[in-house]
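Just so it is clear, none of the values below were taken in a lab; they were calculated from the coordinates. Bear in mind that the values here come from a model prediction, so they are computed numbers and not experimental data. So basically every Cβ, Gly included, is an ideal-geometry build from the backbone, and we count neighbours across all protein chains shown.
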Amino acid sequence: MPKYPKNISADTDIWVFDLDNTLYPHGSDLFSQMDVKMGGYLADLFNVDLVEARRIQKDYLMRYGTTLRGLMTHHDVDPHHYLETVHDIDLSPIKRDPALRASLEALPGRKLVFTNADTPYAERVLDKLGVADILDTVFDIHAADFAPKPHQSAYDMFMEKHDVDPARAVMVEDMVRNLKPAKELGMQTVWVNTGSVWGEAEHHPDFVDVEITDLSNWLTKLTDQ
């Protein structure tokens, strides 16, 4: 059995993982590709230059949880077209991670992915990592009715659909503000600090139980007892 740190209960048997910059290392830098895709999408949509497109994109990200939510709210953007466009990226920077696979297999209980991305993209990423078959499910932006983390309704739908007892759950995230609703619901929380200003936005120690820099390394130490 894993030997958990003091802030993680021995009764934990539900592991909730974000996808991007959490299950794979931040150094894979997939978001730089997505930033280019999003910038081009917004530049075309608004007929603006890339600097203004990025300003709009980050403004919507911070106000609505995702750029897509802002675009849907104000501009009636088709979410399917947007997601297909921004996720049409090269996944070759992601490598199979045998250590991550072994540590996930060693964790007792269910392993769930809770992401603001969509399932087709998530499945491609998980397949590249070599862990798709050992994660129980993906709860994506479609399942959340396009309400992204940190919107409360996304957590409520996730917990109801997958029968998540928050007292037995740990949520792992790189966007620290997405841990606040989880903590308020009674989950234990692990923040993957990638050094990103967007990931650290709205940080408060009250809703971070454990802070790490790399999930695979942390889980390996957790399960290598």
Exercise. Assign one of three labels to region 1-111, namely rounded, prolate or oblate, based on the Cα gyration tensor with a ≥ b ≥ c the square roots of its eigenvalues; rounded applies when a/c is under 1.5, prolate when it is not and a/b is larger than b/c, and oblate otherwise.
Key: prolate
Self-check item: Selection from 34, 17, 146, by position along the positive dipole direction of the chain (Cβ)
Solution: 17
Quiz prompt | All Cα pairs of region 57-153, percent lying beyond 22 Å | solution = 38 percent
Practice problem: Compute the long axis of helix 50-64 from its Cα atoms, compare it with the longest principal axis of the Cα atoms of the chain, and write down the angle in degrees, 0 to 90, nearest 10. | Solution: 50 degrees
Quiz item: With Cβ to Cβ distances under 9 Å as the rule, what net charge do the other residues near residue 113 carry (K, R +1; D, E -1)?
Solution: -2
Exercise. State whether region 30-86 is rounded, prolate or oblate according to the following rule on the C-alpha gyration tensor (a ≥ b ≥ c being the square roots of its eigenvalues): a/c under 1.5 gives rounded; otherwise a/b larger than b/c gives prolate, and the remaining case gives oblate.
Key: rounded
Quiz item: Where does helix 152-161 land angle-wise versus the long Cα axis of the chain, in degrees 0 to 90, nearest 10?
Solution: 50 degrees
Quiz item: How would you classify region 173-225 from its alpha-carbon gyration tensor, with a ≥ b ≥ c the square roots of the eigenvalues: rounded for a/c under 1.5, else prolate if a/b is greater than b/c, otherwise oblate?
Solution: oblate
Exercise. Mind pulling the angle between the C-alpha long axis of helix 119-129 and the longest principal axis of the chain? Nearest 10 degrees, somewhere in 0 to 90.
Key: 50 degrees
Quiz prompt | Mean residue ellipticity (222 nm) of the chain, computed from DSSP H runs ≥ 4 via -39,500 (n - 2.57), nearest 500 | solution = -13000 deg cm²/dmol
Quiz prompt | Projected label distance in nm at residue 156 and residue 54, using a 7 Å step from Cα toward the beta-carbon | solution = 3.8 nm
Quiz item: For region 1-151, with only Lys/Arg (+1) and Asp/Glu (-1) charged at the beta-carbon, what is the dipole magnitude about the Cα centre, in debye rounded to 20?
Solution: 620 debye
Quiz prompt | Sites residue 211 and residue 167, calculated FRET efficiency, Cβ-Cβ separation with R0 25 Å, nearest 0.05 | solution = 0.70
Quiz item: To the nearest Å, what is the center-to-center distance of region 8-36 and region 168-196, using C-alpha atoms only?
Solution: 11 Å
Practice problem: Can you tell me how much longer the chain between residue 90 and residue 3 gets when fully stretched, taken as 0.36 nm per residue apart minus their C-alpha distance, in nm with one decimal? | Solution: 27.6 nm
